[in-house]
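The values are calculated or read from the model by the stated rules, or taken from the named source; none is laboratory data. Computed from a predicted structure; not experimentally measured. Keep in mind that these areas ignore ligands, DNA and RNA; they rest on the heavy atoms of the full protein, side chains included. Shrake-Rupley method; radii C 1.70, N 1.55, O 1.52, S 1.80 Å.
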Amino acid sequence: MKRTIIFTLALFTSLFGLISCGSVPQQTEKPVEKTETKIEKQHTDEEYKRSIGEIAEVSKEEFIQDKTEIINIIKELQKIMDKQDYQAWLPYISRNSIQYYSSPVNIRKANKRLPDKTIVLRGLEDYFKYIFIPSRKQSKVDEIRYINKSEVKAVQVLPNNSTVVYYNFIREDGKWKVNIPTL
């Protein structure tokens with residue numbers, strides 16, 4: 001019985017000590033903002049300004065949400081391109097792009113612009129395999145640039161601060177879709 005009381009008392013004291021240590025804030029130390037966090041915030045602020053340009057109606061929260069969503073879509077597209085899975089690619093493409101590049105007239109226009117004349121495009125699936133994939137195979141998207149609130153370019157920023165556009169996105173039914181430029 002004496003053992004039980006001592007064990008219970010020791011257990012209670014230990015638990016009370018853990019709870020009180022974890023729940024009482026230390027008043028002597030001020031929270032210190034890490035330099036890393038400050039740099040990330042500054043970098044994000046600069047990127048936000050570059051990304052929205054003159055489009056004042058895009059809040060910083062919207063920018064962060066849009067960029068996160070677009071980067072995740074690009075990661076999924078990379079997996080799809082690695083597998084060359086045309087059917088998995090289609091849901092990520094805007095309706096207008098699918099309609100435009102499904103037209104034989106527009107596919108012929110695209111075919112004429114190809115530097116490699118041995119490739120013959122017969123439809124949107126060929127466009128996916130011979131144009132879309134190769135032009136983005138080694139891409140690295142760093143930032144986004146708003147054209148307007150519902151259109152964005154996904155770009156790579158080069159060391160000289162110029163950009164390479166790898167994707168155009170358009171908001172369609174509340175989701176970002178790849179919008180393939182027309183010819």
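Skip the ligands, DNA and RNA, and give the accessible area per residue of region 112-183 with a 1.4 Å probe, whole Å². Don't skip to the end; give the middle numbers.
On the way: 4220 Å² over 72 residues.
I get 59 Å² per residue for region 112-183.
Past 27 Å, Cα to Cα: identify those pairs from LYS60/LYS129; LYS60/LYS153; LYS109/LYS175; LYS137/LYS175; LYS129/LYS175, in the order given. Result: LYS60/LYS129; LYS109/LYS175 exceed 27 Å. Largest to smallest in accessible area, the residues THR163, THR182 fall in the order THR182, THR163 (1.4 Å probe, all protein chains included).
Under the classification rounded if a/c is under 1.5, otherwise prolate if a/b is larger than b/c and oblate if not, where does region 126-183 fall, given a ≥ b ≥ c as square roots of the Cα gyration tensor eigenvalues? Note, shape of region 126-183 comes out oblate.
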